[in-house]
Amino acid sequence: TSTILELRGISRSYAIRQGLLGRKVRFRAVDDVSLNVEEGRTLALVGESGSGKSTTGRVALGLEPPDDGTVRFRGAALPEIDSPAWRRIRTQMQMIFQDPLAALDRRLTILEQVREPLDIHDIGPTGEREAVALEMLNAVGLGTGHATNLPGQLSGGQRQRAVLARALVMRPALLVCDEPVSALDVSIQAQVVNLLMDIQDRMGLSLLFISHDLKVVRQISQRIAVMYLGRIVELGETQAVLSNPLHPYTKALVSAVPVPGRPTHARIVLEGEPPNPAARPSGCAFHPRCPLARSECASDIPQLTVRRDGGAVACHVVASGKVCA
Ligand code: SF4
Ligand code: MG
């Protein structure tokens, strides 16, 4: 397989005000992240809120510039944001978000909104655009019956299908999905995930799939990258990482997902404060909550170390061989 999207050493920080009139402080949302998305395959980016997943997704699409590092799409560095070359590439990279209503215009019909990107980017003959948009509505299982509806007349699942049709009408090569099913009922989630996988097959799409839900990730992805406070802590084949997690944080995440036949007391409950990107602990940022932490963990940032199976883990204790890889 070849790589469609490559991130190398990406960092991105934001300035926030602490307190109501407080001074501005910068915090790092993403810190030295490197990853690859392979053509036609799915990489899942997993972590709690505040782990930097969404920022990584936006930087990957060139919606935000990184402070450091490079993004390559099919081997070429992303052009400067808003340049004509960037706009051309952007049509091949689309993004869908958690809240479909926010992505849709309440005053336009579904058909108008699915057609709109073709008009904006002047793609295909004008007279054929409506047919292309209708075809895409069919492809996402919405059917043409909803074409003249407004977003407010659709259910949450139908709206997300409409958003998907709007993204796919551009015939993108890469789709970044940021928690695309998290706001939907569990029964609808499975339908939308199956639809995404089906469309991926038919269109040869590559996916960067951002989610905190390991059940969904297990179903849709071949590879997984686990983030904690802006850094990737574990990376590898989804099957290997979920069945044999090595990083203490991944172990805790995986243990929280109920598995038939595994006793619930096997769940690892994390102590300490939930991660706050504005107050990133020194060294391994996970150390205040880590059951294995030792002194060097508070001072030295562990680097990703490649395992025998091609995965990688960023942990001093795992690297020292004190837990079995
Ligand atoms: Fe825990 Fe230390 Fe490994 Fe971080 S580096 S996960 S604190 S053992
Ligand atoms: Mg997010």
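Rundown of residues vs (1) buried (at least 18 other Cβ atoms within 10 Å of the Cβ); (2) in contact with a Cys (Cβ under 7 Å, 6 or more places away or on another chain); (3) free of Cβ contacts under 8 Å to residues at least 40 places away in the same chain; (4) charged (D, E, K, R), yes/no style:
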| site | (1), (2), (3), (4) |
| --- | --- |
| L61 | yes, no, no, no |
| A77 | no, no, yes, no |
| D82 | no, no, yes, yes |
| D105 | no, no, no, yes |
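Total residues in the range 181-215 satisfying the condition of being in contact (Cβ under 8 Å) with a residue 12 or more places away in the chain and either among the acidic types (D, E) or closer than 23 Å to S34 by Cα (or both): the figure is 11.
When the criteria are applied in full, E48 fails the requirement of being in contact with a Ser or Thr (Cβ under 8 Å, 6 or more places away or on another chain), surrounded by fewer than 23 Cβ atoms within 10 Å (Cβ to Cβ) and not small (G, A, S). Which ones in the range 52-83 are of a type in the set (K, R) and within 16 Å of ligand 2 (Cβ to nearest atom)? The answer is K53, R58. For the range 161-183, the set of residues classified as over 16 Å from the mean Cα position of the chain (by Cα) and within 16 Å of ligand 2 (Cβ to nearest atom) is empty.
Pairs meeting the criteria (first residue in the range 279-305 and in contact (Cβ under 8 Å) with a residue 60 or more places away in the chain and among the basic types (K, R), second residue in a loop (DSSP other than H, G, I, E, B) and buried (at least 16 other Cβ atoms within 10 Å of the Cβ), beta carbons under 8 Å, at least 6 apart or on different chains) are R280/L229; R280/G230. Condition first: more than 16 Å from ligand 2 (Cβ to nearest atom), of a type in the set (D, E, K, R) and farther than 24 Å from R280 by Cβ. Now tell me which residues in the range 212-263 satisfy that. Residues satisfying the conditions are K215, R218, R223, E237, R262.
Coordinate-derived values only; no laboratory data. All of these numbers come straight from a predicted model, not from anything done at the bench. Neighbour counts run over all protein chains shown; Cβ positions are idealised from the backbone, glycine included.
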